[in-house]
Protein chains: 4
Amino acid sequence: MITRRTDLALEAKEIYESESGSFLEGVKIEKKELENCIVTIVDVLDDEGAKIMNKGIGKYITLESDLMKYSDDDSRNEMISYLKEELSILFGDDKTKKTLVIGLGNWNITSDSLGPKTVSKTLVTRHIFRNYNKDYDDDFTEVSALSPGVMGITGIETSETVKSIVDNIKPDRVVVIDALASRKVERVNATIQISTAGISPGAGVGNKRKALNKEYLGVDVIAIGVPTVVDAATLTIDILDVAIDNLIEQSEKGQQFYNMLKDLKEEEKYSLIKESLEPYDKNLIVTPKDIDETIENLAIIISEGLNKSLHPGKK
Amino acid sequence: MITRRTDLALEAKEIYESESGSFLEGVKIEKKELENCIVTIVDVLDDEGAKIMNKGIGKYITLESDLMKYSDDDSRNEMISYLKEELSILFGDDKTKKTLVIGLGNWNITSDSLGPKTVSKTLVTRHIFRNYNKDYDDDFTEVSALSPGVMGITGIETSETVKSIVDNIKPDRVVVIDALASRKVERVNATIQISTAGISPGAGVGNKRKALNKEYLGVDVIAIGVPTVVDAATLTIDILDVAIDNLIEQSEKGQQFYNMLKDLKEEEKYSLIKESLEPYDKNLIVTPKDIDETIENLAIIISEGLNKSLHPGKK
Amino acid sequence: MITRRTDLALEAKEIYESESGSFLEGVKIEKKELENCIVTIVDVLDDEGAKIMNKGIGKYITLESDLMKYSDDDSRNEMISYLKEELSILFGDDKTKKTLVIGLGNWNITSDSLGPKTVSKTLVTRHIFRNYNKDYDDDFTEVSALSPGVMGITGIETSETVKSIVDNIKPDRVVVIDALASRKVERVNATIQISTAGISPGAGVGNKRKALNKEYLGVDVIAIGVPTVVDAATLTIDILDVAIDNLIEQSEKGQQFYNMLKDLKEEEKYSLIKESLEPYDKNLIVTPKDIDETIENLAIIISEGLNKSLHPGKK
Amino acid sequence: MITRRTDLALEAKEIYESESGSFLEGVKIEKKELENCIVTIVDVLDDEGAKIMNKGIGKYITLESDLMKYSDDDSRNEMISYLKEELSILFGDDKTKKTLVIGLGNWNITSDSLGPKTVSKTLVTRHIFRNYNKDYDDDFTEVSALSPGVMGITGIETSETVKSIVDNIKPDRVVVIDALASRKVERVNATIQISTAGISPGAGVGNKRKALNKEYLGVDVIAIGVPTVVDAATLTIDILDVAIDNLIEQSEKGQQFYNMLKDLKEEEKYSLIKESLEPYDKNLIVTPKDIDETIENLAIIISEGLNKSLHPGKK
């Protein structure tokens, strides 16, 4: 089982294959190379695949593109159109479906604010539909949105808050936006993962024990996430691996070193470094320096991707 | 009936008495002059009083103090202790009571962010009580908190969101924090109103049709509000009144002017000015220039007042 | 002389003509009605005109457009192109000219942060020119930028700071960005004024005694400003005027009222209201509620207008 | 020579001694253990010491305290009093001395905003002294302050801007506030370094080539810095070192490993890891998650330390 901290199915697969050296049954992969974006669909088919990947059964669509790093209109609009494309397929074209968008994370911590920021830019229509007593519109579908906050500030499990709202306003599907953790620095702010498996407890970032999936909420759940941080322990071990590879190539001591490290199990190495980071590890994250601007740009991309796929009349 | 825009019971009474020239039955007033703070308790006793005041039946405790305008430790701590005093009386000393704090308003608009900012500084304990399976503690009571957002961003009536959560987590009381509108510029950021009547529809700031009271939520509701803005029409008419008084005193034309204006009804005057402000009135507010710093200071005062009155062990 | 608080030459002219009922010599006006933007050029030709207008000799180009109120790409880009057009004419096409952009105002106060926000989005190149020892480039001109802060935070007159930098780095022209005060609410955030007269002492917003003009700095000064606030006294008197007009039309008492007010001098009226606003007037402003978002949008428009007119190679 | 990235003289000494195994001549150390704060004075006495330490000649006073991590009044005030104590000694008691405070760094990047934030909270008096034509006051000294911005936004070397202002307003000393880089995660936001050596080129954080010292500016320079980040390469190598130590203790392979690593030079190791971090290293930093709140607290501590040591009448 993959225990190393990653929220990306793509990475879980990479880790498994590099560690086991074997092909992963129960997981199907498909890859599309578009002009400025690589789309990979990881399909976790059965319990066996789910267990190994430490991810729920379902589709995980990953968009990888450097376009996300630029905030000019052209790059942004191109990225929005890739995202809109994938979301439109998942949402289908039934205009009577009602959507509730949930922005996970903490407003007050920049690296964790992607969810709430996206919610504040999402075009909501539920109050208008209700005000005019409408069930259907050619150009817009019924959308509501909520940022439930984090347990440390609310004292309430996020999943409890969401469940309360879902039971009350009864949407047909829930879209959950979250900041993720990645293993690879180069994926930070350059990857969007869309998943039909929802967010399962244990898969997330440490202490958020959220179970936001169809089983718990009773409606379809689509999760959209972007890795915005790498945790310090993960970063260290990954850099260490690259450094060791370099060392092996360059140094005459390489072979000797390699033999020794080969004997070290991956998890042994991780817990060793994790331990070394204590006690200051708890809230230590690795981010790009211009994180404020980056999160703003990502929130625009995701909210516009949602607005255009949920509201056919939105230009 | 008082239709001029004020959320303060104190002002509703002032307006009534100045306009009608008569004493208000069904409303009892009590006033305490503390060292640096005037506490006024307006008690709306019956439907008659409620109708005239355009406020629900219940107590409205107003703390007026210039201490709120200073952010040094001494001023702040003195103000917190006045607030703690009044809240402690309302909360009583039953340590098994569970409290849900609701922060109304919009994170993204400084003048409207008092509620969410206060929530983010409130000491929540519900998750800890539940984690340790406790029902009682000597030093802390069970507190949770939520910022439900505003309808324009969520598409959901704020009262629906709160009702969903209340029905699910079943607190014994709800404390609602909100930014209010005042008629008087000198009360802005210098007044706290605590009310046991909750927040009734129609009493609020224009388009937020929230009914957060015991009748709807099924539990006690205590509202805490601070006027942070004056709307432009209200300001204009109030300044106009003062200006006219000055004019009457200074000018030989005074008597003539006065006779004419006496014939103008108050509401006629208001709607006249309101009309003149259209169409740019909608979102026009009058604030102090340093509103960002001011709201931060108020959020500390209210959250600490809550923390100290809800958690006996909090120093 | 016009003493009522306005930073816009357009308004100074309007006030003069409405009050004096006569045509203003020494000031030439030209008006272009473009598709979604009205451009007015007020040319103050001589000392006589300057004295009456309370503005320095020079051109004042005003762009009025509701496009500035929308933050979608299309509205924004159209507004940027109107601004670029006017700036390009003023800047001319000599690519060896060096520009220093100065952002006046206070970072910490949203309504006053237009200057610093614009500076932070302006494309600066001076360090690159110097690093590569270049004097000329086909695509870019040499641009530097500075936000000198406000005297209350620095203890230094803004003009002293700018003069120190100008004397040291010797640009060929200074572009000054500032938030202005308008008399009319409908012009707030819907008007850009470009002036070749710089910013003269006494013309500004009360206590900033800045003299940023060619006489003091020794180089051409172009000021770009947007009215982002209306002061409360100005607003009140303007609303009052409209209200009185309405009253006169509606009321049979109109003629009587009119005769009386005719006798009141404009300044008498203003100082009367100003006085009524004391003592809370000092920092009281009227703004749109969504001022944070508005200022961000304006800073993008002005910085892009500058970037495209100063750097021929900038797309 | 110490090339590993640290701005702290304390750490430079630690690195030297751990790497060379020898005592450092030309550098004198003194240590005071106060109740909740350790004060270490590193005195770089001559060119020899300066060269080895890669720091200018002068005193480096380091305050290490966990008090800085708490934002309650008591912790904050205790920390302020330790800082005030050290600054008062350096400033002396000549009340005619004029001080210019410079806040280095970028407003828009939270981890880099300590300088500008501190400046905005510093009590400036120069404009008041000049307004009243005073040279002396019993309670206050003449203080001005400026945040010159960063070269990427201004196009001007920070040192050029500061030099321009110093030449013009002629203070007797300059106090420079800056965010530093540390080698040790546990020192981040828990250490203040005060230095009489100013900020020398090459000693800083990579690309800021600032020379803010007495030689260049012509007046005394006192630098106050707090490490707010650790760069990713530094962190990795330090964690790696701890991990290896753990490994050596735990593993039977320890001796063999140790022998091998002993042969690797420190710099070889660093450049190896640095290389592995390319190309995404450039702006990658390690910070605590709650960096926004932390920087705010530090800015209060430093500005109050300055206010109380510069203004004898400030309570």
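The values are calculated or read from the model by the stated rules, or taken from the named source; none is laboratory data. Please read all numbers here as calculations on a predicted model, not as lab measurements. We place every Cβ from the backbone using ideal geometry, glycine too, and count neighbours over all the protein chains shown. Please note that ligands, DNA and RNA were not included when accessible areas were found on the heavy atoms of the full protein model with its side chains. Shrake-Rupley method; radii C 1.70, N 1.55, O 1.52, S 1.80 Å.
Values computed for the structure shown
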read-out	value
D:GLU25/B:ASP66 FRET efficiency (R0 60 Å; Cβ-Cβ; nearest 0.05)	0.45
Debye intensity ratio I(q)/I(0), log10, the range B:46-118, q values 0.12, 0.14 Å⁻¹ (C-alpha model)	-0.56, -0.76
Peptide D:156-169 - average C-beta neighbours from other chains (10 Å radius)	5
Label-to-label distance, nm, for residues given as C:LYS170 and C:ASP93 (7 Å Cα→Cβ offset)	2.8
Rotational relation D to C, axis-closest Cβ in chain D, residue and distance rounded to whole Å	D:SER164, 2
Dimensions in Å of the range D:34-157 - Rg and Dmax from alpha carbons	17.7, 50
Position C:TYR136, label points 7 Å along Cα→Cβ, spacing to each other copy in nm (shortest first, one decimal)	5.9, 6.9, 8.9
Interface A:D - total buried accessible surface [probe 1.4 Å, Å², rounded to 100]	3600
At R0 = 45 Å, FRET efficiency that the Cβ-Cβ distance of C:SER81 and A:GLU14 yields, to 0.05	0.45
Accessible area in the full protein assembly, largest first, 1.4 Å probe, for B:GLU215, A:GLU64	B:GLU215, A:GLU64
Whole-Å semi-axes of the range C:91-156's equivalent ellipsoid (Cα gyration tensor)	28, 12, 10
Label geometry 7 Å along the beta-carbon vector: B:LYS95 inter-copy distances in nm	5.2, 6.0, 7.8
